[in-house]
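Just below is one structure, and these are the notes that go with it.
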Amino acid sequence: MDWKVVDERLIRRGELLLSLDFLDGYDEDLETMNRGKVSYPYKLTDRYVEFLAVVRYLFFMPYRQLEGFTRGLHRLVPRLPSADYSGLRRRILRLDLSPYKCLQRINESLVIAVDLTGVRVHRAGGWVEKNHGREKR
């Protein structure tokens with residue numbers, strides 16, 4: 001048994017690839033969402049909330065933990081605001097998450113790709129190969 005290969009496979013299970021290209025349009029998206037809004041303005045775009053919903057759904061993360069996750073993201077990317085759990089819950093419950101239900105019980109590697117077009121979830125290989133080229137063996 002090649003322990004180096006086994007070790008690498010276990011490490012890659014915890015890998016999360018993020019393309020933060022969606023931040024390029026973050027301010028414009030917020031401006032569009034808040035145009036004509038009477039009450040408190042939105043601080044999170046719909047694409048960001050969708051990303052957080054996928055993280056919550058795939059990792060069985062309670063809303064309070066998701067709030068902590070947004071705080072951590074805010075420390076890494078100060079432009080992304082942190083959010084409170086009750087606001088996240090309200091926004092996430094409005095989303096249609098049916099496309100992600102089939103991914104809940106997958107035992108193989110999974111790629112969550114976030115880019116300018118939104119959140120995309122793929123089985124291992126497809127998105128990575130398209131954007132980074134096929135790995136040479």
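Read-outs: derived from the displayed coordinates by stated rules, not from any lab. Being a predicted model, the structure only gives us computed values, none of them experimental. Glycine also receives a Cβ, built like all others from the backbone with ideal geometry; neighbour counts cover every protein chain displayed.
Summary of computed values
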| quantity | calculated |
| --- | --- |
| Net charge of neighbours whose Cβ lies under 13 Å from the Cβ of ARG35, counting Lys and Arg as +1 and Asp and Glu as -1 | -3 |
| Additional length obtainable on full extension of the chain from LYS4 to THR32, 0.36 nm per residue less Cα span | 5.1 nm |
| Most to least packed among 63-73, 40-50, 84-94 [average Cβ atoms within 10 Å] | 40-50, 63-73, 84-94 |
